[in-house]
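Below: the structure, in structure tokens.
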Amino acid sequence: MSYPFNSFLRRATGLIFFFFLSVCVGVSIAQMPPNFDEWVEAGMEEWGIPGMAVTVVKGGEVIHLKGYGIKGLGEEAAVDEHTLFGIASLSKNMTAAALALLIDEGKLEWDDRVIDHIPWFELSDPWITSEVTVRDLLTHRVGLGRMLGNRLQFMTNSDRDEVLYRMRYMDFEAPFRSRYVYSNVMYSAAGQLIEYIEGISWDEFMVSRLFQPLGMERTNTSITQLEGMENVAWPHQEIYGKVQLIQRRNWDNAGPAGGVNSSAYDLAKWLMLQLEQPGKYNDTILISRRQMEEIHRPQVVLPISDPYGSQAAYGLGWRITDYLGHRILTHGGATDGFNTSAYLLPEHDLGIVVVTNNFNLFREAVCFTIIDQILAIDGSDWHEHYLDRYNRTYDRAMNLRQEIHDNRDQNLQPTFDSKAHLGAYYHPAYGKVEVFSMDSALMLKFWEDDDLTARLEHWQGNTYRAIWSNPAQREEFCWFTGGKNSEVEKLHFEFCLRPILLQVGAYPSNYTRVVEFKKVDEIND
């Protein structure tokens, strides 16, 4: 026999239990977008993303933590919450946090001059050398940036001190403190401050003073540390229309700028350190609130490029903006075959990280879809928004690339004999470049590194296209000039630092810089 009152009591008891559970753990199943997993998997397939992991924290609790897809093409191993990904420039706010620990201990100040801790630090301008502060390094306002400095991070046969030393031979891209000029090498310098103050490497300090206290047990700071580890994602890149697994490239020299490898599980703890009571984790104050607020505070004004925001600035390793009036701290990360997005909404005690193993904009769509759902915003179809943006950029880049090819005059022959190119070329910042012949082909090698070898394909006149042995590096242009007697005197290499769209190729690009290497008989470097 059925008793209506008993049926009602059972339903009411269930509702009360669910309410009690939701209040206790601070989580509501409805907070995540409906059919989220299926939506993510469909988006990954459309974007060609082999693997992804998503972590969301809200109100001091992890409300979503999951891996999607696979670690690498050609294998069936699934991504989970413990899979390691390269998080690239998300490492920057970790380096800033490490320096905050030293400030709390009275060993450093944000406005200390770099030369007071590294006396041999030098830039090309003596006055700027004497004035550069820790804050300058972390806010990208030195004026020496990614356009030239990024290439130094691939000098794998050197160390961070050598990279720091070579900065004195680099040109400025903007006047000192005049504007924001994004710079990985300045963050490498910031990391070296730790070594000179503490007597241990940035890598050791990060693990012992940040990662271990936070319980980020799998997080590390080096490509070389991934060797032999289990549950590690492989990088991927679209090359000539096909997503391919690519080899990891060592850029440990730029570790403080982008060398951290982490998992969704570990990054949830990093988000919690930033939110609710910044600097505090599991009832332990790791970093003072004062220093965390300084890290999160706008330091340099940026141009506004987002129609949804009314402000843009950079803090200490975080970009600060707003979305429909909601304050946001964010940072992306991009390195060979890995792409990361991180978002903090402090007033909502909300943090999101999406890690992926291919270049894409879908990670941004994932973040904003979650934000809209949790903040009850009737927002855009972010997947379609970013897909349309990508497709328009792709078409524009392909058209510009075709124009470059159409303007090529292959009938314009070199004015130098092929043997005249052979030899060593040198630039004090970028070291040695060797041009040699192999199997009747003209070849180029940077820094005596086999991984940085390219075949020089004749383009037109004395211009050649460098086609790298590592296909993920794509191609760049260089040309030779000379003087009397048809002798080659200089190699001009056009470094491409930011292509319009890497999936199309290193060119077209509006972010290049030509470096002049002089031909030499002997190098005393």
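Read the figures in this text as sums done on the coordinates, not as results from a lab. Fair warning: this is a prediction, and the values are worked out from it, not measured in the lab. Neighbour counts run over all protein chains shown; Cβ positions are idealised from the backbone, glycine included.
Details
- Cβ-Cβ distance of residue 217 and residue 158, R₀ of 30 Å, FRET efficiency by 1/(1 + (r/R0)^6): the value works out to about 0.45.
- Mean separation of Cα contacts under 8 Å (6+ apart) over length of the stretch 400-522, as relative contact order %: 21 percent
- Simple spin-label estimate for residue 440 and residue 521 in nanometres, 7 Å along Cα-Cβ: 3.3 nm
- The stretch between residue 41 and residue 432, if pulled fully straight at 0.36 nm per residue, gains 136.1 nm over its current Cα-Cα span.
- Lysines with Cα under 25 Å of residue 280, excluding same-chain neighbours fewer than 8 positions away: 58, 66, 92, 107, 269
- Spin-label model, residue 422/residue 288: points 7 Å from Cα along the beta carbon direction are separated by 6.4 nm.
- Over all Cα atoms in the chain, the spread is summed up by Rg and Dmax: 25.3, 110 Å.
- Remark: the residue 169-residue 208 segment gains 10.6 nm on full extension, using 0.36 nm per residue and subtracting the alpha carbon distance.
- Rounded to 10°, Cα long-axis angle of helix 4-25 versus longest principal axis of the chain: 40 degrees
- Across the chain, the relative contact order, built from alpha-carbon pairs under 8 Å that are at least six residues apart, equals 15 percent.
- Note on residue 408 and residue 131: with the Förster distance fixed at 41 Å, the Cβ-Cβ geometry gives a FRET efficiency of about 0.35.
- With Cα atoms, 0 to 90° folded angle of helix 36-47 axis to the chain main axis: 20 degrees
- Spin-label zone in the stretch 484-525 - amide nitrogen under 16 Å from a point set 7 Å from the Cα of residue 449 along the C-beta vector: 495-497
- Stretching the chain fully between residue 277 and residue 226 yields a gain of 15.1 nm (0.36 nm per residue, less the alpha carbon separation).
- Principal-axis analysis of the Cα atoms of the chain puts helix 382-406 at an angle of about 10° to the longest axis.
- The stretch 352-418, relative contact order in percent, only Cα pairs under 8 angstrom and at least six apart counted: 24 percent
- Pair residue 510, residue 310: separation of 7 Å Cα→Cβ label points (nm): 2.8 nm
- Residue-by-residue Karplus 3J(HN,Hα) for the stretch 235-241, coefficients 6.51, -1.76, 1.60, Hz, glycine and proline x: x, 9, 8, 7, 10, 6, x
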